[in-house]
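Worksheet: one structure, shown below.
The values are calculated or read from the model by the stated rules, or taken from the named source; none is laboratory data. Nothing here was measured: the structure is a model prediction, and the numbers come from that model. Every residue, glycine as well, gets a Cβ built from its backbone with ideal geometry; the counts of neighbours run over all protein chains shown.
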């Protein structure tokens, strides 16, 4: 008898060890998603008083990130603890659900089969803790205001209106996420008034971070009494805090303040006027001072900066340059040309040289303009101008060249504030042949009196623009794929202005050419005409 009991125990252990599931080898590939068999509570159940939700499937499952992927609206008072079983997922809550409330559990793609990871899409469970189930729905589409393209996984939330409501501190009462087409749908919503906000919830906490996340909102309240599937929301960037310096870089010849965002304009005031030295933004968020006096003294300044959304801050700073050492070799002054070398220009040419440092001296004798390599053209002060604190040199000149224009720079043509000079070199440009380019014309149909027409490349980079021209015309366009958009310049300042959720102020509207998926094909020696509606 004892031996029989030992044998039975051994067999039991072996059977338990063999009962762990493993994917079968060979056979036809599994392409079917897990199918919901039963749930607790059952779908559309009323008067549910339990604190657990469990879904059972027809096969073995695996569950990915349930705390992030299972979307519950409205959000329960406490988070759940997930327990994954071979064929079921149980969610347990510490506190009961709210009384007389309809809950929707959207499992997105959290549940998958264990063999081929086929997700159980469209898996949703609805129940009520009261006598009725709310049945209204809210839907629409979210696009990016700057591109007109749909946005994926954007949170769209309905909020209960109150005097202190802000999506930067409050989670939505109802919420969902957009699909690949930017479309969203909230179902089983209770009738009433709501505030509507959307944002690209990058950190998945359902709280808007305006400094890093784009947002959109519906002005006023949404009075929901019937289904509404027509909401259109456009994400835009905005900051609700002043710019700030996040780090500095100290060198012998330069001192740089790095800001947390791009700066549109700035002013510098030195406590001691004798300490005045050149400065400019080398990148949109890097303000660099240049040690043109080779000083090692401490310099005190007041820096006033304004970002593109008109947030402003004033910083009182002091800094000093690093003591010279043999290890540090200053970077030589360089420039980039637009058009680039071997590009083409009109006979009425414009060439822009962008320097890496402010320029102190232009030696005009060392800057020569040659027409067809032999005819030297005189250079006068009317032929050029400086911008951006002597860092941007704009040369304009009308020539009779037939084939080429050469810009020849002798050594020392440009001398920087740090007394180093540009190297000798030459820029070669061909006279532009209009037959190698295309033309885009059309009409802007809009009641607005002030607007900006922008020609963009396929990747939304600005190519050219015109202001307040209802019959626009872009010429000398390189063959390729382009886009067209119209900014309604409501305040007439010649640029797009963003909005502010906190102040309930919408950004200036932007309208896109949308036919042919928004793409305008430009061919050489072709005129293309495209109208755009901007209402």
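Things to note:
- Of all the criteria given as (1) at pLDDT below 95; (2) exposed (fewer than 15 other Cβ atoms within 10 Å of the Cβ), the one not satisfied by residue 114 is (2).
- Filtered residue count, segment 396-418, keeping only those that are free of Cβ contacts under 8 Å to residues at least 60 places away in the same chain, in a loop (DSSP other than H, G, I, E, B) and out of contact with any helix residue (DSSP H, G or I) (no Cβ under 8 Å at 6 or more places or on another chain): 5
- Within segment 66-90, tally of residues that are assigned to a strand (DSSP E or B) and over 18 Å from residue 35 (Cα atoms): 7
Quick grid of which residues meet (1) buried (at least 18 other Cβ atoms within 10 Å of the Cβ); (2) at pLDDT 95 or above:
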site: 55; (1), (2): yes, yes
site: 90; (1), (2): no, yes
site: 93; (1), (2): no, yes
site: 97; (1), (2): yes, yes
site: 110; (1), (2): yes, yes
site: 149; (1), (2): no, yes
site: 168; (1), (2): no, no
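- Criterion violated by residue 108 - all others in (1) in a loop (DSSP other than H, G, I, E, B); (2) in contact with a helix residue (DSSP H, G or I) (Cβ under 8 Å, 6 or more places away or on another chain); (3) farther than 30 Å from residue 211 by Cβ satisfied: (3)
- Matching residues, segment 207-221, being surrounded by fewer than 19 Cβ atoms within 10 Å (Cβ to Cβ) and in contact with a strand residue (DSSP E or B) (Cβ under 6 Å, 6 or more places away or on another chain): 218, 221
- Inclusion of residue 287 among residues that are assigned by TED's automatic domain parsing to the domain that holds residue 253, under 19 Å from residue 258 (Cα atoms), surrounded by 18 or more Cβ atoms within 10 Å (Cβ to Cβ) and out of contact with any strand residue (DSSP E or B) (no Cβ under 6 Å at 6 or more places or on another chain) is not warranted.
- Counting only strands (runs of 3 or more DSSP E) that sit completely within segment 171-277, those holding 1 or more residues that are closer than 19 Å to residue 152 by Cβ and in contact (Cβ under 8 Å) with a residue 24 or more places away in the chain correspond to 174-177, 183-189, 192-199, 215-217, 228-235.
- Subset of segment 58-99 [touching a strand residue (DSSP E or B) at 6+ places or on another chain (Cβ under 7 Å) and either outside the structural domain of residue 116 (by TED's automatic domain parsing) or in contact (Cβ under 8 Å) with a residue 60 or more places away in the chain (or both)]: 71, 73, 74
- For segment 178-211, the set of residues classified as closer than 26 Å to residue 132 by Cα and modelled with pLDDT under 95 is empty.
- Any chance residue 136 is modelled with pLDDT under 95 and in contact with a strand residue (DSSP E or B) (Cβ under 8 Å, 6 or more places away or on another chain): no
- The number of residues in segment 295-311 that are surrounded by fewer than 13 Cβ atoms within 10 Å (Cβ to Cβ) and under 31 Å from the mean Cα position of the chain (by Cα) comes to 1.
- Residues in segment 60-86 that are over 16 Å from residue 103 (Cα atoms) and buried (at least 17 other Cβ atoms within 10 Å of the Cβ): 61, 63, 66.
- Taken together, the residues in segment 290-308 that are more than 17 Å from residue 248 (Cβ to Cβ), in a loop (DSSP other than H, G, I, E, B) and either assigned by TED's automatic domain parsing to the domain that holds residue 359 or touching a strand residue (DSSP E or B) at 6+ places or on another chain (Cβ under 8 Å) (or both) amount to 2.
- Test result for residue 156, more than 25 Å from the chain's Cα centre (by Cα) and surrounded by 14 or more Cβ atoms within 10 Å (Cβ to Cβ): no
- Taken as a whole, the structure places residue 156 among residues that are within 22 Å of residue 205 (Cβ to Cβ) and in a strand (DSSP E or B).
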